[in-house]
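The values are calculated or read from the model by the stated rules, or taken from the named source; none is laboratory data. Since the structure is predicted, the reported quantities are computational estimates derived from the model, not experimental observations. So basically every Cβ, Gly included, is an ideal-geometry build from the backbone, and we count neighbours across all protein chains shown. Note: areas computed on protein heavy atoms with side chains; ligands, DNA, RNA excluded. Shrake-Rupley method; radii C 1.70, N 1.55, O 1.52, S 1.80 Å.
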Amino acid sequence: QVQLVESGGGLVQAGGSLRLSCAASGSNYVMGWFRQAPGKEREFVAAVRWSAGGLIYYADSVKGRFTISGDNAKNTVLLQMNSLKPEDTAVYSCAATRRWGIATASQTYDYWGQGTQVTVSS
């Protein structure tokens, strides 16, 4: 069993920045971030596939604004969010898996953090 502990998030004005961090209690093949806004389904944000040398994936909606990074040896992943928009408002959750699967699909992930609120005001 892998436990994920998230930190970061909060309230920021449009155009601002926030950074989320996630620490896992063990190693994983893939670590990623998903978000869920009120009344909407969970959606993929970004992921890094450590088992493929750090291959990175982004949702089109965040490309060029968000950056995922981390340290495989320390089992940590960061999400730097710049140029935030009101539509980025959601609960952001860290996820991890030790299985092979599609990195952009929530079904791939076995372990989830508790989630952290990100609110972007206009």
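When each of ASN28, ASN75 is tested for being in contact with a strand residue (DSSP E or B) (Cβ under 6 Å, 6 or more places away or on another chain), at pLDDT below 95 and farther than 18 Å from THR104 by Cα, the lone residue that passes is ASN75. The strands (runs of 3 or more DSSP E) located wholly in region 63-122 that include 2 or more residues which are surrounded by fewer than 15 Cβ atoms within 10 Å (Cβ to Cβ) and polar (S, T, N, Q) occupy 116-121. Open to solvent by 50 Å² or more (accessible area, probe 1.4 Å), closer than 16 Å to GLY115 by Cα and of a type in the set (Asp, Glu), is that true of GLU6? The answer is no for GLU6. Restricted to region 40-62, and to residues there that are open to solvent by 70 Å² or more (accessible area, probe 1.4 Å) and modelled with pLDDT under 95, the residue that is nearest to GLY9 (Cα to Cα) is LEU55.
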